[in-house]
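Asks: Submitted below is the structure of interest, expressed as structure tokens.
The values are calculated or read from the model by the stated rules, or taken from the named source; none is laboratory data. All values reported here derive from a predicted model rather than from experimental measurement. Cβ placement follows ideal geometry from the backbone for every residue including glycine, while neighbour counts extend to all protein chains displayed.
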Amino acid sequence: MDLHLDESTVLLYKSNSQKIRVISEKWFEKNMYCPNCGNPKIQRADNNKPVADFQCNNCDQIFELKSKNGSLGAKIVDGAYSTMIERITSASNPDLFLLQYSEKYDITDLTLIPKFFFVPDIIEKRKQLALTAKRAGWVGCNILLCGIPEQCKISVIIKQLIQNRQDVISSYNRIKKLKIDSIDNRGWLLDVLNCVESIDKREFCLKDVYEFTEKLQKKHIHNKNVEAKIRQQLQFIRDKGFIEFLGKGRYRKLF
């Protein structure tokens, strides 16, 4: 991979955001492979598919690319709120690639977040544009990256270090084990994964996770037995090989 964005090809563009979109998409099309099937090339999606930027012509997996100068932070700006909610609850939701670059247009990081880790809770609704704005009343959104567990993010490039292609593909295929179609169940999985991840030790016990019961109850107000739901999700995470059950209510993280 060439870790530099070629800005010389967009000198005629006036908008910086448009420049970045064009050169990052050109770089992505030239350098990125499909993390799902290993196909060496990902092509631009058809123009009649506005929700996705790229598609693998081997496995038909679709991808969206977003670029940012510097660190990602806790959230990243996205498009229309209603469109995003409709998209993440559909079967055509794309996987998301997040590309970070420096002031000199050097790529520093590239991270993949699979589509099955997106839920409405991590989509933040922004204030609608004022009546005096060109798009008066339009409502945008932010993706709350802080709501996605770290083990659900796959690094392709870390601080300009290109990760082994087969390792990336293996990580993607491993993490697909956590795929859940039900949005409600997906939300519970992410919540419990976040709880487990925030426990500052590799080995933990059921009581440690129960400490989050009140917090989870506030998010899932209609659930009458949060502790049972926690146990259910821990069993699912265990069965998928992300934690190990040690007996007597004790677990070990495998991520």
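Asks: Could you say whether any residue in region 43-61 is charged (D, E, K, R), touching a helix residue (DSSP H, G or I) at 6+ places or on another chain (Cβ under 9 Å) and closer than 25 Å to Phe118 by Cα?
Replies: Step one: list which residues in region 43-61 are charged (D, E, K, R), which gives 44, 46, 49, 53, 60.
So of that shortlist, the ones also touching a helix residue (DSSP H, G or I) at 6+ places or on another chain (Cβ under 9 Å) come out as 44, 53.
Going one step further and asking which of them are closer than 25 Å to Phe118 by Cα, we end up with 44, 53.
Scanning region 43-61 turns up at least one residue that is charged (D, E, K, R), touching a helix residue (DSSP H, G or I) at 6+ places or on another chain (Cβ under 9 Å) and closer than 25 Å to Phe118 by Cα.
Asks: If you go through region 2-53 one residue at a time, how many are closer than 27 Å to Ser171 by Cα and either free of Cβ contacts under 8 Å to residues at least 40 places away in the same chain or loosely packed, with under 15 Cβ neighbours inside 10 Å (or both)?
Replies: Of the residues in that region, 15 qualify.
Asks: Another question, then. Kindly indicate whether any position in region 59-69 is in contact with a strand residue (DSSP E or B) (Cβ under 9 Å, 6 or more places away or on another chain), among the small types (Gly, Ala, Ser) and under 27 Å from Leu161 (Cα atoms).
Replies: Within region 59-69, the subset in contact with a strand residue (DSSP E or B) (Cβ under 9 Å, 6 or more places away or on another chain) is 61-69.
Now narrow it down to the ones that are among the small types (Gly, Ala, Ser): 67.
Adding the requirement that they be under 27 Å from Leu161 (Cα atoms) leaves 67.
Within region 59-69 (the criterion being in contact with a strand residue (DSSP E or B) (Cβ under 9 Å, 6 or more places away or on another chain), among the small types (Gly, Ala, Ser) and under 27 Å from Leu161 (Cα atoms)), the answer is yes, since at least one residue qualifies.
Asks: Sticking with this one: I need every pair where a residue in region 129-141 that is under 17 Å from Ser82 (Cβ atoms) has its Cβ under 6 Å from the Cβ of a residue that is of a type in the set (Ser, Thr, Tyr) and at pLDDT 90 or above, sequence separation at least 6 or different chains.
Replies: Here the result reads Val139/Tyr81; Cys141/Tyr81, each pair linking region 129-141 to a residue that is of a type in the set (Ser, Thr, Tyr) and at pLDDT 90 or above.
Asks: Any chance you could count how many residues in region 139-193 are of a type in the set (Asp, Glu) and farther than 20 Å from Asn93 by Cβ?
Replies: So in region 139-193, the residues of a type in the set (Asp, Glu) come out as 150, 167, 181, 184, 191.
Keeping just the survivors that are farther than 20 Å from Asn93 by Cβ gives 150, 167.
Summing the residues that are of a type in the set (Asp, Glu) and farther than 20 Å from Asn93 by Cβ in region 139-193 gives 2.
Asks: Which of the residues that make up region 187-211 are surrounded by fewer than 16 Cβ atoms within 10 Å (Cβ to Cβ) and either free of Cβ contacts under 8 Å to residues at least 40 places away in the same chain or not in a helix (DSSP H, G or I) (or both)?
Replies: Matches in region 187-211: Ser198, Asp200, Lys201, Arg202, Glu203, Cys205, Glu211.
Asks: Right, here's the next one. Take region 238-255 and flag every residue that is outside any loop (DSSP other than H, G, I, E, B), under 25 Å from the mean Cα position of the chain (by Cα) and surrounded by fewer than 16 Cβ atoms within 10 Å (Cβ to Cβ).
Replies: Going residue by residue through region 238-255, those that are outside any loop (DSSP other than H, G, I, E, B) are 238-239, 243-247, 250-253.
Next cut, under 25 Å from the mean Cα position of the chain (by Cα) only: 238-239, 243-244, 252-253.
Within region 238-255, Arg238, Asp239, Glu244, Arg252 qualify.
Asks: Could you go through region 12-21 and let me know if any residue there is in contact with a Cys (Cβ under 6 Å, 6 or more places away or on another chain) and in the same structural domain as Ile169 (by TED's automatic domain parsing). Walk me through how you get there before you give the answer.
Replies: We begin by selecting, within region 12-21, every residue in contact with a Cys (Cβ under 6 Å, 6 or more places away or on another chain); these are none.
No, region 12-21 has no match at all.
Asks: Here is a further query. For region 72-84, state whether one or more residues are in contact with a Ser or Thr (Cβ under 6 Å, 6 or more places away or on another chain) and in a strand (DSSP E or B). Before the answer, list the steps.
Replies: Initially, region 72-84 is screened for residues in contact with a Ser or Thr (Cβ under 6 Å, 6 or more places away or on another chain), giving none.
Within region 72-84, none of the residues are in contact with a Ser or Thr (Cβ under 6 Å, 6 or more places away or on another chain) and in a strand (DSSP E or B).
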